[in-house]
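Report on the following structure.
The values are calculated or read from the model by the stated rules, or taken from the named source; none is laboratory data. Since the model is a prediction, treat every value here as computed from it, not as a measurement. Cβ placement follows ideal geometry from the backbone for every residue including glycine, while neighbour counts extend to all protein chains displayed.
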Amino acid sequence: MIAVLLTIHLMIAIGLIVSILLQRSEGGGLGIGGGAGGGMGGFMSARGTANLLTRTTAVLAALFMSMSILLAILSDNGSRSSIVDQVTHPTTTQTTPSVPQAPVGN
């Protein structure tokens, strides 16, 4: 089940990356988001495309965050300890060094 959820999570992450990269660049970082037609060939108006991509990005971001939390809960494996408990109460057993034995005499 976790493998299926990880696959869905990966597809959401790829969709989120694509939707972010398709948005028009405000600062002109790469110099490729502006121009006439908004890069979509006149399919939609620039304002409609921006609203669609903004909503798509917001939905994908919400799905990504919720899937991240769900996967973190599912990967818990039943251990309910915190990092602070592990530091203050280590679970490793400490062995006392053995006292060397005196050699048996001649």
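Every residue, every condition in (1) at pLDDT below 90; (2) assigned to a loop (DSSP other than H, G, I, E, B); (3) surrounded by 10 or more Cβ atoms within 10 Å (Cβ to Cβ); (4) touching a helix residue (DSSP H, G or I) at 6+ places or on another chain (Cβ under 9 Å), yes or no:
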residue: LEU6; (1), (2), (3), (4): no, no, yes, yes
residue: ASN77; (1), (2), (3), (4): yes, yes, no, no
residue: VAL84; (1), (2), (3), (4): yes, no, no, no
residue: VAL87; (1), (2), (3), (4): yes, no, no, no
residue: PRO97; (1), (2), (3), (4): yes, yes, no, no
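From the list LEU70, LEU22, the one residue that fits, being under 15 Å from the mean Cα position of the chain (by Cα) and either surrounded by 11 or more Cβ atoms within 10 Å (Cβ to Cβ) or at pLDDT 85 or above (or both), is LEU70. Checking ALA61, ALA102 one by one, the residue that is part of a loop (DSSP other than H, G, I, E, B), among the aliphatic types (A, V, I, L, M) and either in contact with a helix residue (DSSP H, G or I) (Cβ under 9 Å, 6 or more places away or on another chain) or modelled with pLDDT of 70 or more (or both) is ALA102 and no other.
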